[in-house]
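All remarks here apply to the structure that follows.
The values are calculated or read from the model by the stated rules, or taken from the named source; none is laboratory data. Bear in mind that the values here come from a model prediction, so they are computed numbers and not experimental data. Backbone-built Cβ (ideal geometry, glycine too); neighbour counts: all protein chains shown. Surface areas here come from the heavy atoms of the whole protein model, side chains and all, with no ligands, DNA or RNA. Shrake-Rupley method; radii C 1.70, N 1.55, O 1.52, S 1.80 Å.
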Amino acid sequence: MTLTATQPTPALLLAEPAADEARRQAGSLLLDLRHGTWKPTPLERRIARILTLSASAADGALSPRHIHNALWEGSLTMTRENGGRFATALGHLAPALGTPGVADMAVDLIGAVADQG
């Protein structure tokens, strides 16, 4: 499946510090995942797969709405389980998807988590 990200209208773009924080959160988590110092829980893998499937079923594009719905699916458990790092990263990524580099990082992170065990 191919997953891309939608670009919000310019009025919805965040200030650079918010986009920088989204990049930092996702990049740190992705690095830890690749080095084996963080491993997603079954719930986090399920949410990543839901994101992949829901975006692919619609138009192949990841949107803030997809992330919001996935976080809702994960509920309170996802914010506490495994340090809440995946939920936190998704929360920062959702409003920053229109910022250059953030959408690609979101797709990389979600794909990597979905592909785990």
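Summary table
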read-out	value
Selection count where residues are touching a residue at least 60 places away in the same chain (Cβ under 8 Å), in a helix (DSSP H, G or I) and open to solvent by less than 10 Å² (accessible area, probe 1.4 Å), scope segment 70-102	4
Qualifying residue in segment 30-42 (condition: surrounded by fewer than 20 Cβ atoms within 10 Å (Cβ to Cβ), touching a His at 6+ places or on another chain (Cβ under 9 Å) and touching a residue at least 12 places away in the same chain (Cβ under 8 Å))	no
Qualifying positions in segment 103-115 - under 11 Å from ALA48 (Cα atoms) and either open to solvent by less than 60 Å² (accessible area, probe 1.4 Å) or among the aromatic types (Phe, Trp, Tyr) (or both)	ALA106, VAL107, LEU109, ILE110, GLY111, ALA112, VAL113, ALA114
Selection within segment 51-63 - of a type outside the set (Gly, Ala, Ser) and open to solvent by 50 Å² or more (accessible area, probe 1.4 Å)	LEU53, ASP59
